[in-house]
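Here is the structure we will look at, set down as structure tokens.
The values are calculated or read from the model by the stated rules, or taken from the named source; none is laboratory data. Here the structure is a predicted model, which is why all the values come from computation and not from measurement. Neighbour counts are summed over all protein chains in view; Cβ atoms, including those assigned to glycine, are modelled from backbone coordinates with ideal geometry. Heads up: the accessible areas ignore ligands, DNA and RNA and are worked out on the full protein's heavy atoms, side chains in. Shrake-Rupley method; radii C 1.70, N 1.55, O 1.52, S 1.80 Å.
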Amino acid sequence: MSTLGTPLSAALIPDCTEPEAHRAAYKRAKTDDVIFVCIARQGPRWKVQLDAMSCSGPTIPDEAVTVLRSAAEALVLADTVTQANIAAEYISMWAIESEQRAREIAAAFHAVLHGFRQLYIAVPSQRRRP
């Protein structure tokens, strides 16, 4: 069974503003078989990116995606982010005002993705039954 790694704290979220940093961080996530997470500066603002395709863990169930999407929508409504894309394998949010806020958001979503994956492994899915 895959070990899912550990969620990163805000201070440990890599800054992947430079393409080389992004490539290195993604490669490290794939090598470590963990969910990729990073922040990146885009002009004066910041972007958050998470990619669960970097690891071999289970796909996030639809119910969990609904929770993640609801949280992202709340961030949009609060003008914390201007746009968010949420899917079972990928999360992207951008136009975040500060690096610190981007780190906080990235760490929170990383922890939730990690937790949902652990729960999905630990608790049998009703969809798997005939």
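Worth a mention:
- Three principal axis extents of the chain based on alpha-carbon atoms, in descending order, are 51, 34, 19 Å.
- Normalising the average separation of contacting C-alpha pairs (under 8 angstrom, six or more residues apart) by the number of residues puts the relative contact order of the stretch 1-46 at 43 percent.
- Length gained on full extension, residue 85 to residue 59: 7.7 nm, using 0.36 nm per residue less the C-alpha separation.
- Solvent-accessible surface of the chain, averaged per residue with a 1.4 angstrom probe and all protein chains in place: 56 square angstrom.
- FRET efficiency, 1/(1 + (r/R0)^6) with R0 22 Å, evaluated for residue 21 and residue 98 via beta carbons: 0.70
- What a 1.4 Å probe finds exposed on the stretch 1-117 is 56% carbon and sulfur by accessible area, rounded to a whole percent.
- Taking each residue as 0.36 nm, the span from residue 119 to residue 70 lengthens on full extension beyond its C-alpha to C-alpha distance by 15.7 nm.
- When only the Cβ of Lys, Arg, Asp and Glu is charged (+1, +1, -1, -1), the dipole of the chain relative to its Cα centre reaches about 340 debye.
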